[in-house]
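The structure appears below as structure tokens.
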Amino acid sequence: MPTLFMKLVHEDKVLRPDALRELKLGEETVGYTLDIGLNYYRGLPLSAIEKLELTVDGEPVSPERMLFEFNEKLFQPEHLALAWTEFWGIKRDLRLKVFNGGLGDGEHEVALRLELRNVSMKFGPGTYGMIDGSATRTLVLQKEESK
């Protein structure tokens, strides 16, 4: 019986130890950023993201608080499906900005559910192989350096 998702063993590349950083606007902390790596051996367009859900310390993060940064462009979650010209290579991170007022200092349990459509593995009309790029890791919030 075939599996629904392909999952590679490179979860450590999805959420690296330094991936979680505070996000400041001037001197005020307004949220945090999370750098997300791709757990696959080749790149994919951002439009291949079928599902992206984030939970921090057991609390789901609302998509209304998310903004994605890639190639110096900003995308709301619902606009990722239209970003078919933005190629997410394996050596690049997708930066997620979360505007929630910030996180407390120290460790945070970060769980990312990431499902991607493998655009080069089409089985039939509208039917693609799927990639499970999910990861869970305890990360320490990195402070933004004062300027």
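Brief remarks follow.
- Count - residues of segment 86-138 that are closer than 20 Å to Leu74 by Cα and acidic (Asp, Glu): 2
- Looking across segment 71-89, the residues that are open to solvent by 80 Å² or more (accessible area, probe 1.4 Å) and either assigned to a strand (DSSP E or B) or in contact (Cβ under 8 Å) with a residue 60 or more places away in the chain (or both) come down to Lys73, Leu74, Phe87.
- Among the residues of segment 18-35, the one identified as over 12 Å from His108 (Cβ atoms), part of a loop (DSSP other than H, G, I, E, B) and in contact (Cβ under 8 Å) with a residue 40 or more places away in the chain is Asp18.
- When Glu64, Glu109, Glu115 are checked against the criterion of being modelled with pLDDT of 95 or more, part of a strand (DSSP E or B) and surrounded by fewer than 20 Cβ atoms within 10 Å (Cβ to Cβ), a single residue qualifies: Glu109.
- Conditions (1) of a type in the set (A, V, I, L, M, F, W, C); (2) in a strand (DSSP E or B); (3) within 12 Å of the chain's Cα centre (by Cα); number of the one not met by Leu38: (2)
- Considering (1) crowded, with 16+ Cβ neighbours inside 10 Å; (2) under 12 Å from the mean Cα position of the chain (by Cα), the lone condition that Gly31 does not fulfil carries the number (2).
- Residue match in segment 126-137 (condition: in contact with a helix residue (DSSP H, G or I) (Cβ under 7 Å, 6 or more places away or on another chain), buried (at least 16 other Cβ atoms within 10 Å of the Cβ) and of a type in the set (Phe, Trp, Tyr)): no
- Hits in segment 16-28 (condition: modelled with pLDDT of 95 or more, surrounded by fewer than 17 Cβ atoms within 10 Å (Cβ to Cβ) and not charged (D, E, K, R)): Pro17
The values are calculated or read from the model by the stated rules, or taken from the named source; none is laboratory data. Here the structure is a predicted model, which means the values were calculated and not measured. Cβ atoms come from the backbone with ideal geometry, glycine included; neighbour counts cover every protein chain shown. Side chains included, ligands, DNA and RNA excluded: accessible areas come from the protein's heavy atoms. Shrake-Rupley method; radii C 1.70, N 1.55, O 1.52, S 1.80 Å.
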